[in-house]
Amino acid sequence: VKLEPDPADARPIPMRPHRLAGRVLRDGWGSGRGVRAEWLVRLTSKGSQAHETWPPLFGLIETRWEKRFGKDEIGRLRKSLESVAERLEFELPHGLPVGYDPNETFPPRATAAEGLPIPTLLSQLLLAFRMEFDGESPAPLPMCTTTLRVLGEQPLPAAEIPRLTGASPETSGIGWQHRPYVVVEANPAARRGKVVRLSPRGLKAQQVYRRLVAEIEARWETRFGRQEIGGLRESLHGLFERYRGDRPVLAEGLIPAPGTIRAADQAPRLGRRSVGTAQRQRARDLVTQTEEFIRDPAGALPHYPLWDMNRGFGP
């Protein structure tokens, strides 16, 4: 996007000259410092290109899913999602927000769920579930579904966490948010590396996570209807249970395109002449993870989408 002051606003701009060129930020760059609520936002040339590219993808991918899983199955999934989303109390974003503030408020729902893209319906239900979960859990849902889910009382090598969670090292790594819930120690069986285990507080958060997920699902059955929630669960399970030969049908959409890192094709990073050792290892890890996704989507994919600044939402 491109940020620029409203031409009708003649007030001075309290910002250093090198941050603005002709009162306009460089396309696609800059921070939010000094930006006012009345400033105008418009798409850059790349933003306009993206805006033209992504809307048709919803219909295109849904058509692929109809061919892959069957038109009736995808129709039932859509109907199940719409029946629940239609009764959500608030007007939620059409995609999972990058950052979620538990104090954020949303306006009352005013638009119909019918006709919304399937990823929008899924995102709204996931966010609604998270809002209810986070209001009662000591740890947020994304943390519970990833790192806290796979850890226990016994130490686990920190390097194993991305593989077990299906997330990237950046999103599943132990950060300051995890500190109250984990204990990090030197690996006694190796010269390098760390091991991680749950602290007493982390064990309690894990127990709350397992209990609360079941409780909220039971509440949703009461709130939205046992048949509606049961139908939604059955439709979602069906995506993982269908096989073509010995491969899950869902895996057909996970096969990476040629020329990508996950397809084992590497290229030097921007500004580099060659592929470094760390980059090669990272690429090998991504290829191994992708192979696990394709082999067993139900067991290997993340339990909640996480935002990674390098790759967007997902693993």
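Shown for segment 199-255: the carbon plus sulfur share of the solvent-accessible area, taken with all protein chains present and a 1.4 angstrom probe, equals 50%. Each stretch of four or more DSSP H residues adds -39500 (n - 2.57); spread over every residue of the chain, this sum gives -13500 deg cm²/dmol at 222 nm. For segment 179-309, what D do you get in µm² per second when you plug the Kirkwood radius from alpha-carbon pairs into Stokes-Einstein at 25 °C and 0.890 mPa s? Approximately 129 µm²/s, per Stokes-Einstein. Bridgeable aspartates and glutamates around residue 79 (alpha carbons under 15 Å apart, same-chain partners fewer than 8 residues away excluded): 62, 66, 114, 228, 234. Applying the criteria of a DSSP loop state and at most 10 other Cβ atoms within 10 Å to the trypsin sites (Lys or Arg not before Pro) of segment 149-214 yields 191, 192. For the pair segment 177-194 and segment 39-84, the centres of their Cα atoms are 42 angstrom apart.
By the rule of a C-alpha distance below 17 Å, with chain neighbours fewer than 8 residues away ignored, the aspartates and glutamates paired with residue 204 are 134, 136, 153, 215. Percent of C-alpha pairs per 10 Å bin in segment 113-179, short distances first: 18, 40, 29, 11, 2.
When nucleic acids and ligands are ignored and a 1.4 Å probe is applied, residue 174 ends up with an accessible area of around 50 Å². Could you name the lysines whose alpha carbon sits less than 29 Å from that of residue 46, not counting residues in the same chain fewer than 8 places away? Those lysines meeting the cut-off are 2.
Summed over the residues of the chain and divided among them, the accessible surface reaches 62 Å² per residue at a probe radius of 1.4 Å. In this structure, the amide hydrogen of residue 308, modeled 1.01 Å from its nitrogen in the peptide plane, lies closer than 5 angstrom to those of 313, 314, counting only residues at least 5 positions away or on a different chain.
Set against the labelled values [x] 167; [y] 201; [z] 121, volume of the Cα convex hull per residue in Å³ computed from this structure falls on [y].
The values are calculated or read from the model by the stated rules, or taken from the named source; none is laboratory data. Because the structure is a prediction, the values reported are computed rather than measured. No Cβ is skipped: glycine too gets one built from the backbone with ideal geometry, and neighbour counts run over all protein chains shown. Remember, those area values only see protein heavy atoms, side chains included, never the ligands or the DNA or RNA. Shrake-Rupley method; radii C 1.70, N 1.55, O 1.52, S 1.80 Å.
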